[in-house]
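Right, one structure below, let's go through it.
The values are calculated or read from the model by the stated rules, or taken from the named source; none is laboratory data. Remember, predicted model here, so these are calculated numbers, not experimental data. Note that each Cβ is placed from the backbone with ideal geometry, even for glycine, and that neighbours are counted across all protein chains shown. When the accessible area is computed, the model is the full protein with side chains, heavy atoms only, and any ligands, DNA or RNA have been set aside. Shrake-Rupley method; radii C 1.70, N 1.55, O 1.52, S 1.80 Å.
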Amino acid sequence: MASDIEFDVESLKTSQIPTNLLAMMAENAPSVVAARNPNVYAGKGKQARKWKWESFTNPARSDGLQLRHWKRLDEFDEPYPYARFNTTSEPYSYSEDEYDRMLQDVTWSRDETDYLVKLIHEFDVRWPVIWDRYEWRSGRTLEDLKARYFDICRKLIQSRISSDESSTNQLLQAYQFDKEREMMRKQYVNSLFARTPQQITEEEELYIEAKRIEQDERKWRCERDELVRTVSMSRNEKRKASGGADIATSTLAPMSTSNEEQPHKRTAKSAAYDAQHYITRPSSHLPLKSSSNIPPFSRATKLAQKITPQRIRECLQSMGLSDKLQYPTAANVAKYEGVKEATAQLQEIRRAHERVANELRLAKGISVSADERATASTPVARAASEHPTPTSTPKPTTPAPENSMGLSTDSSDPNESNDLNKRRKL
Amino acid sequence: MVIYGADEVSALVVSAGSTTLCAGYAGEDAPKVVIPTHYTHNQEKTFFGDNGPDVYRDGYQVDNTMKDSLVDDFDKFTELLEHTFTHCLRVNTEDHPLLFTEPAWNTQKHREKIAEIAFDKFNVPGFYIANDSVLSAFAAGKSTALIIDIGAESTSVTPIVDGFVLRKGVVRNNIGGTQITNNYLNSLDPTQRSNLNTNLIPHQLIESKTTVEPGKNPQFTTRSDINPSESWMNWSKSKILKDWRESTSAISENGWDHGALMQRPIKSYEFPNGFADNYQLCRFVANEILINPIPFNPLPHTPNTFEPASINCSYPKPLPELIKESIQAAETDSRHHLLSNIIIVGGVSATPGLSERIQNELYAVLSNTRVKVHSPANTVERKFASWLGGSMLGSLGTFHQLWISQDEWREFGNPIVSMRCK
Ligand SMILES: Nc1ncnc2c1ncn2[C@@H]1O[C@H](COP(=O)(O)OP(=O)(O)OP(=O)(O)O)[C@@H](O)[C@H]1O
Ligand SMILES: [Mg+2]
């Protein structure tokens, strides 16, 4: 084609791009492209291609029927191009001997089996059509037909010698047919199809209701988890801290000898120097921990509480503590961080307490007002008064900040023991 | 060329229904010839097509070659085909393979007889007979579909899977354009009906007329010199009535709603003698017989005289019931596909509002949200859906291996037809 007619490539390019697309591509593109007619007469000098009304035979036919069609004279004679679409799914068939040897079945006569296989060949394994045209004996279900045919296939595959074991197995797998299961599936599909409009609407309503309940449940659990987390935080920390001390002492010996912990090799001399001057070198691959430098994961969990370093500082100042250490040795810094942590927790727990207390008051208020209207208490109010909501569980006693001071560490710190070790090394 | 799959061998496609015969070349997008299957004749002469029953001839009768969508009178049908080939298409049939369409209830005898005519009378090099619902599905670009064909004398529902008719699922009744016209007449109030009846005069009989205001008595004179036969009068009157129905009637999209339908515009129609009248509610009542024929006392079914159809008309059932029955007869796994590919074809499918109505009716009956009713956007595609499908099939390169050739016909005889055309 392209060799015969010379198109004006440039104008073709611009005219074929939709103008709105062009506008997106180039800012200064003209909004209207004056389309020049592609020069269709460029090949004027050449002769038009010759076609001929010619008869042809189709190799897909056995009778050599001659039909006629237009054919390009410059094309080579080739077998009819559509003949190669004459394909089938190549269904299985059996020989006399094979049938006698292994394909006999008490529920299927030879004639009926032949009829089935003939239909399968005729309709190229289109099962809905085969079943529709199957007129041997009423009462055979499609599953019966499939089961019989696939059974025959499997037996034939097994008996026929194949060079490749795995391909045989693959074939066997492909012809696996579980009749019971298939019938069950059909049954389900049929019962779905046979639903009445009322049943369908009912089902839809139930589904929506179930979804709603599920959602409520999730929300409720989410709230409860959050509460449990804030409440149990301080207890956990206490427990962990005391346990952590044990771990620290037991792991003290190996830790001090291991050099892998130290990223930069320290000579014995410099170590002595450090010890003498109370210098602690932070190991660079351990993240620096402090309340003002919270790692991302813990910050994410605490995001809701929004205890900012600013707030902590204010709180400390209100207790008469400055936020600068006079002697910031490692031990002091660690202790000071502990104080900050404890303050943050104190704040959190206070806030949680306030919220719970509020809710409790609210719930009580409802139940009180419900009691006042003792004659006609709404079911909601009754439920609220009889079953206290999970948010109104007894609140824990707030620990004094001094208690946890120096002992509490960041509870969300997975490298807790490392942190302790570091401290021990001082 | 191979990528488009087309290879034209200039095959001819002929599709004949109860009232219309379409013929043309495969590969074209509309039939070249659309003529009535009726013919007019006296003892010696017979006339077909445009020169047939539409022309008044003294003492001539009008008859139909077809009945119940099947060929009824094969001698006359052969003449009708000859007229089509030699006078309308002007082709030499020896050069063109012939693709014929048949309804699902065609009989063995009918199709073999047609093959015989094609080979022995017209000497075609190849012949094939295809189901018209399968072809309608092809015309819509589908190989699996549920075809609702509403023609002149019947409504049929045919499930097609992978290009094959599911025979057990074919259901039909005898409600078609003719019954709708009858129903339209019956639903008019008595004065309107008698007005219409007295003014139902074919234009061939009218000598002169003057235009009058609508509702006024028409001013016309009839020819006194002609004396038409009863069958010719029936044909001409039913032709006027058909046109009257096609141009005024419609169907309510959402079931019967008296109040809403009273709001719809009135349609007026002018008959050949100048009489004009307005039609309002009745024009909607008329088509209700399609959806549910039971309350309207439909006419009984008249069977084909050559050989009764292989699938009988059911006792007139509501259309949604027919569809449900058809779906139920199909194999479980194909139902889903069928329901989402419902296609309405046939002349009456051009009735305004029909596909929406059927969609709504099906929602109500099947309560299946996947139901989707398609109907081709332009009327040519609806009316000639099966011819169009034949035109596509007959120009496919891969189809040419399916033709029954002269040699095969000579070798195997009649049985080859059902061996090849499944
Ligand atoms: N625009 C239209 N609106 C309504 N009805 C129409 C319209 N055009 C044609 N018809 C009706 O369609 C019918 C003819 O349809 P069609 O040609 O499909 O029938 P057929 O194939 O000859 O008959 P059948 O399918 O019953 O054998 C006539 O009754 C005609 O009145
Ligand atoms: Mg038809």
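At-a-glance table
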read-out: A:R84, sole failed condition from (1) within 10 Å of chain B (Cβ to nearest Cβ); (2) open to solvent by less than 50 Å² (accessible area, probe 1.4 Å); value: (2)
read-out: Test for A:Y92: is it touching a Cys at 6+ places or on another chain (Cβ under 8 Å) and not basic (K, R); value: yes
read-out: Test: residue in region B:349-369 that is outside the structural domain of B:F127 (by TED's automatic domain parsing), within 16 Å of ligand 2 (Cβ to nearest atom) and open to solvent by 30 Å² or more (accessible area, probe 1.4 Å); value: yes
read-out: Identity of the residue in region B:209-237, at pLDDT below 90 and of a type in the set (G, A, S), that ends up least open to solvent (accessible area, probe 1.4 Å); value: B:G215
read-out: Residue tally, condition at pLDDT below 90 and either under 28 Å from A:P59 (Cα atoms) or away from ligand 2 (no atom under 16 Å from the Cβ) (or both), over region B:378-390; value: 1
read-out: Counted residues, region B:400-422 - those being touching a strand residue (DSSP E or B) at 6+ places or on another chain (Cβ under 8 Å) and open to solvent by less than 50 Å² (accessible area, probe 1.4 Å); value: 9
read-out: Test result for B:A152, open to solvent by 10 Å² or more (accessible area, probe 1.4 Å), within 16 Å of ligand 1 (Cβ to nearest atom), away from chain A (no Cβ under 14 Å) and farther than 14 Å from B:R420 by Cβ; value: yes
read-out: Members of region B:8-37 that are within 14 Å of chain A (Cβ to nearest Cβ) and open to solvent by less than 10 Å² (accessible area, probe 1.4 Å); value: B:V9, B:A11, B:L12, B:A26
read-out: Failed condition for A:T201, given (1) open to solvent by 90 Å² or more (accessible area, probe 1.4 Å); (2) within 13 Å of chain B (Cβ to nearest Cβ); (3) over 30 Å from B:I160 (Cβ atoms); value: (1)
read-out: Condition check for B:I358: outside any helix (DSSP H, G or I) and either touching a residue at least 12 places away in the same chain (Cβ under 8 Å) or within 12 Å of another protein chain (Cβ to nearest Cβ) (or both); value: no
read-out: The listed residue being touching a residue at least 12 places away in the same chain (Cβ under 8 Å), closer than 28 Å to B:L200 by Cα and under 22 Å from the mean Cα position of the chain (by Cα), out of B:P298, B:P318; value: B:P298
read-out: The listed residue being at pLDDT below 95, outside the structural domain of B:R410 (by TED's automatic domain parsing) and in contact with a strand residue (DSSP E or B) (Cβ under 9 Å, 6 or more places away or on another chain), out of B:D50, B:D54, B:D7; value: B:D7
read-out: Answer from B:D68, B:D72 - the residue that is on the phi < 0 side of the Ramachandran plot, under 18 Å from the mean Cα position of the chain (by Cα) and among the acidic types (D, E); value: B:D72
read-out: Selected residue [among the aliphatic types (A, V, I, L, M), within 30 Å of A:Y82 (Cα to Cα) and more than 16 Å from ligand 2 (Cβ to nearest atom)] from B:L393, B:L339; value: B:L393
read-out: Every pair of residues 6+ apart whose Cβ atoms lie under 7 Å, when the first sits in region B:168-186 and is within 14 Å of chain A (Cβ to nearest Cβ) while the second is within 12 Å of ligand 1 (Cβ to nearest atom) and of a type in the set (A, V, I, L, M); value: B:V170/B:A104
read-out: Residue tally, condition among the acidic types (D, E), more than 16 Å from ligand 1 (Cβ to nearest atom) and within 24 Å of B:G176 (Cβ to Cβ), over region B:100-149; value: 0
read-out: Wholly within region A:101-176, helices (runs of 4 or more DSSP H) carrying at least 2 residues that are open to solvent by less than 60 Å² (accessible area, probe 1.4 Å) and in contact (Cβ under 8 Å) with a residue 24 or more places away in the chain; value: A:110-122, A:142-159
read-out: Members of region B:162-181 found to be over 15 Å from B:I150 (Cβ atoms) and away from ligand 2 (no atom under 16 Å from the Cβ), listed by number; value: B:D162, B:G163, B:F164, B:L166, B:R167, B:K168, B:G169
read-out: B:T40 surrounded by 18 or more Cβ atoms within 10 Å (Cβ to Cβ) and within 16 Å of ligand 2 (Cβ to nearest atom); value: no
read-out: Residue within region B:387-399 that is more than 17 Å from B:L135 (Cα to Cα), away from ligand 1 (no atom under 16 Å from the Cβ) and surrounded by fewer than 21 Cβ atoms within 10 Å (Cβ to Cβ) present; value: no
read-out: In region A:65-81, the residues that are among the hydrophobic types (A, V, I, L, M, F, W, C) and open to solvent by 100 Å² or more (accessible area, probe 1.4 Å); value: A:W70, A:F76
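To keep it simple, each residue is scored yes or no on (1) more than 19 Å from B:P103 (Cα to Cα); (2) away from chain A (no Cβ under 12 Å).
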residue	(1), (2)
B:L322	no, yes
B:I327	no, no
B:I343	no, yes
B:S405	yes, no
B:R410	yes, no
B:V417	no, yes
